[in-house]
């Protein structure tokens, strides 16, 4: 090779940008399992994981929907990021109100974790010795509930705009917010939903669960309709199901993310949990997104991105990093 050409080739190699690191294998597999039967109703979960057989850390995602709507099919933004980072993410169904009441919903939550402890390693190569939990809205409520109802306790929790109180004025009094006034139901329609067969996924319900939720909120009857308890006559009946009443020093470390202008689940709900964590010495981080509505809509994009970016290092701290 002529000397000038050799020199030019060396300079080109030295000055060229470094080749990008190889991307993580983005392919993933999803498997569906029935973790419980309630009569003839199968209650299912979806296990999402990279397409290999490595034993991977396990994160449980719990969908929202006011305990009335939703289903396991929707993974949140944070769950998708964790899946991309190599974690195994399990999304669970649970029986929905009002056909099923709160005590049975919580029993589904507990039974889902029991099934995972017994079968996750065998069925889809996930390490169930340590489990992290995340959820949004009502899924955030169930996430916070897992911190004191599930045994062994999860290693950490992430609550997105969740709540630990079920009987405060925000739920027990008529909502003034426009979002809860859009639909009305007749008494016959209400009874038809309440007396319908149990469902564990809103896609299987014939009636309009969204309208039912709005009715429950604009009449201030949500606590009674989802639980079967009267918050005025028997408020103590709610205590076994409220995280705000059950924080202790051994409660799992928790990341709270909430918008300051949330009109569905008030920002105050995460403030209540933060006060309880501080009182009992529980490690926690509370990220408030200024101007954020429910789901952080309306918050500044940079603030929203920073809130979601906090999830991965939090998981790595308590659950460990996923294998490459």
- Message: Against the conditions (1) farther than 13 Å from residue 217 by Cβ; (2) not in a loop (DSSP other than H, G, I, E, B), where does residue 170 fall short? Just the number, please.
- Response: (1)
- Looking only at the stretch 57-73, which residues are in contact with a strand residue (DSSP E or B) (Cβ under 8 Å, 6 or more places away or on another chain) and either surrounded by fewer than 22 Cβ atoms within 10 Å (Cβ to Cβ) or closer than 19 Å to residue 136 by Cα (or both)? 58, 59, 60, 61, 62, 63, 64, 72, 73
- Residue list for the stretch 204-247, restricted to those being more than 20 Å from residue 173 (Cα to Cα) and either over 21 Å from the mean Cα position of the chain (by Cα) or at pLDDT below 95 (or both): 205, 206, 207, 208
- Item | So residue 265, is it at pLDDT 95 or above, in a loop (DSSP other than H, G, I, E, B) and on the phi < 0 side of the Ramachandran plot | yes
- Query: residue 81 passes all but one of (1) on the phi < 0 side of the Ramachandran plot; (2) touching a strand residue (DSSP E or B) at 6+ places or on another chain (Cβ under 7 Å); which number fails?
  - Reply: (2)
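Conditions (1) touching a residue at least 40 places away in the same chain (Cβ under 8 Å); (2) in contact with a strand residue (DSSP E or B) (Cβ under 8 Å, 6 or more places away or on another chain); (3) crowded, with 23+ Cβ neighbours inside 10 Å, marked per residue:
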position: 156; (1), (2), (3): yes, yes, yes
position: 161; (1), (2), (3): yes, yes, yes
position: 173; (1), (2), (3): yes, no, no
position: 179; (1), (2), (3): yes, no, no
position: 183; (1), (2), (3): no, no, no
- Could you say which residue among 230, 239 is surrounded by fewer than 18 Cβ atoms within 10 Å (Cβ to Cβ), in a loop (DSSP other than H, G, I, E, B) and free of Cβ contacts under 8 Å to residues at least 24 places away in the same chain? 230
- If you take the residues in the stretch 30-44 that are out of contact with any strand residue (DSSP E or B) (no Cβ under 9 Å at 6 or more places or on another chain) and assigned to a strand (DSSP E or B), which one is surrounded by the fewest Cβ atoms within 10 Å (Cβ to Cβ)? 38
- Task: Of all residues in the stretch 87-114, count the ones that are surrounded by fewer than 19 Cβ atoms within 10 Å (Cβ to Cβ), in contact (Cβ under 8 Å) with a residue 60 or more places away in the chain and touching a strand residue (DSSP E or B) at 6+ places or on another chain (Cβ under 9 Å).
- Result: 2
- Message: For the structure I just gave you, tell me whether residue 244 is surrounded by 15 or more Cβ atoms within 10 Å (Cβ to Cβ), on the phi < 0 side of the Ramachandran plot, in contact with a helix residue (DSSP H, G or I) (Cβ under 7 Å, 6 or more places away or on another chain) and part of a helix (DSSP H, G or I).
- Response: yes
- Message: Consider the stretch 283-316. How many of its residues are surrounded by 13 or more Cβ atoms within 10 Å (Cβ to Cβ) and either in contact (Cβ under 8 Å) with a residue 60 or more places away in the chain or part of a loop (DSSP other than H, G, I, E, B) (or both)?
- Response: 17
- Task: With the condition kept exactly as written, say whether any residue in the stretch 6-29 is surrounded by 10 or more Cβ atoms within 10 Å (Cβ to Cβ), assigned to a strand (DSSP E or B), in contact with a helix residue (DSSP H, G or I) (Cβ under 7 Å, 6 or more places away or on another chain) and at pLDDT 95 or above.
- Result: no
- Message: When you check residue 251 against the structure, is it buried (at least 19 other Cβ atoms within 10 Å of the Cβ) and over 20 Å from residue 140 (Cβ atoms), yes or no?
- Response: no
- Message: Cβ contacts < 6 Å: first residue over 15 Å from residue 138 (Cα atoms), restricted to the stretch 210-221; second residue at pLDDT below 95 and surrounded by fewer than 17 Cβ atoms within 10 Å (Cβ to Cβ), any location; separation 6+ or different chain. Result?
- Response: 211/183; 218/181
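The values are calculated or read from the model by the stated rules, or taken from the named source; none is laboratory data. In this text, all values refer to a predicted model and were calculated from it rather than measured experimentally. Note: ideal-geometry Cβ built from the backbone for every residue, glycine included; neighbour counts use all protein chains shown.
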